[in-house]
Amino acid sequence: MKGWNQMLSRAAENGVFWMIIFLGTIGFLSLFSAGRQAIRAGSERVRAIAEGRNHKCGEEMLPICSVENGRRQVSLTFELAGDIEERLDRVLEVLAERGVCASFFAEDDWLLKHSREREAILAGGHDLGLLGTEGKIPEELGELHKMSLFRPLRGGFDDGLITSVCGMGYYPICWDVDSEDWKDYGAEAVLHQVLENENLKSGSIIRFHGGARYTSQALEGIIPGLRGMGYEPTPLTSLVLPENYQLTQEGRQEPRVQ
């Protein structure tokens with residue numbers, strides 16, 4: 001009996017010993033992983049600043065919501081989700097009829113499943129960017145090297161997301177004019193929401209949804225309306241300053257003061 005008790009005691013001691021080793025290893029790996037992420041974030045921030053992409057404004061990092069480039073231009077941007085083939089086709093038709101190139105954003109899964117629509121967007125001379133998930137570091141960007149534009153899903157962002165996106169060579173884009181076409185209040189409501197918006201100005205980035213019910217119909221009035229006000233719609237890749245810029249508190253991109 002005594003020998004049996006001693007054997008159990010040694011087993012318990014060994015179990016405690018190996019449990020300590022196991023927990024220590026897990027802690028070390030977690031610390032190592034956190035350290036790698038911190039180093040990565042730091043290097044991405046340095047790279048972004050070195051390339052002249054300064055998104056630091058006060059105590060936070062901001063996306064580009066509008067642009068001051070000295071030209072009377074605006075950008076029409078469209079978010080894509082779900083099975084919206086017919087409505088998207090009509091949006092593309094209206095843009096082509098009016099001689100407008102725009103910018104489209106979609107999640108990578110949507111782009112993979114809708115190859116016809118993806119190719120139609122590119123064939124029309126439009127920008128194609130990635131719509132990312134709120135609060136998620138967009139690792140999937142690496143698989144879409146031809147894209148330079150990134151929009152946080154529902155406009156949600158934090159310092160880590162902005163830093164990561166900039167560090168990978170992408171431009172984080174939000175908007176300063178929301179058409180609110182998703183509310184389905186009718187084409188006239190969308191038109192007035194855009195053309196009478198107090199934020200509308202040179203360099204505005206206007207948000208639409210490619211699958212909203214009244215978007216294509218509203219565009220038939222919005223595009224000539226913008227031109228009548230002296231604003232020429234242009235894609236984001238022609239609107240955004242590529243480097244040597246800074247952002248205001250409102251997320252307005254402007255040339256960096258030397």
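Filtering the stretch 232-258 to residues that are surrounded by 13 or more Cβ atoms within 10 Å (Cβ to Cβ), among the charged types (D, E, K, R) and over 14 Å from Ser75 (Cβ atoms) leaves Glu254, Arg256. I need a count of the residues in the stretch 177-203 that are surrounded by 22 or more Cβ atoms within 10 Å (Cβ to Cβ) and assigned to a loop (DSSP other than H, G, I, E, B). Number of matching residues: 2. Out of all the residues in the stretch 154-173, is one or more modelled with pLDDT under 80 and more than 15 Å from the chain's Cα centre (by Cα)? No; the residues of the stretch 154-173 include none that is modelled with pLDDT under 80 and more than 15 Å from the chain's Cα centre (by Cα). Entry remark, the stretch 57-82: residues being modelled with pLDDT of 75 or more and either more than 30 Å from Pro224 (Cβ to Cβ) or part of a strand (DSSP E or B) (or both) number 14 in total.
Per-residue answers, yes or no, for (1) surrounded by 14 or more Cβ atoms within 10 Å (Cβ to Cβ); (2) of a type in the set (Val, Ile, Thr); (3) out of contact with any Gly (no Cβ under 7 Å at 6 or more places or on another chain); (4) in the same structural domain as Tyr171 (by TED's automatic domain parsing):
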position	(1), (2), (3), (4)
Leu76	yes, no, yes, yes
Ala81	yes, no, no, yes
Asp108	yes, no, yes, yes
Leu111	yes, no, yes, yes
Ser115	no, no, yes, yes
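Using the structure shown, decide if Pro242 is without any contact (Cβ under 8 Å) to a residue 24 or more places away in the chain and assigned by TED's automatic domain parsing to the domain that holds Gly82. The answer is yes for Pro242. Among the residues of the stretch 204-231, just one is basic (Lys, Arg) and surrounded by 20 or more Cβ atoms within 10 Å (Cβ to Cβ), namely Arg207.
The values are calculated or read from the model by the stated rules, or taken from the named source; none is laboratory data. Predicted, not measured: the structure shown is a model, and the values here were computed from it. Here the Cβ is made from the backbone with ideal geometry for all residues, glycine too, and neighbour counts use every protein chain on show.
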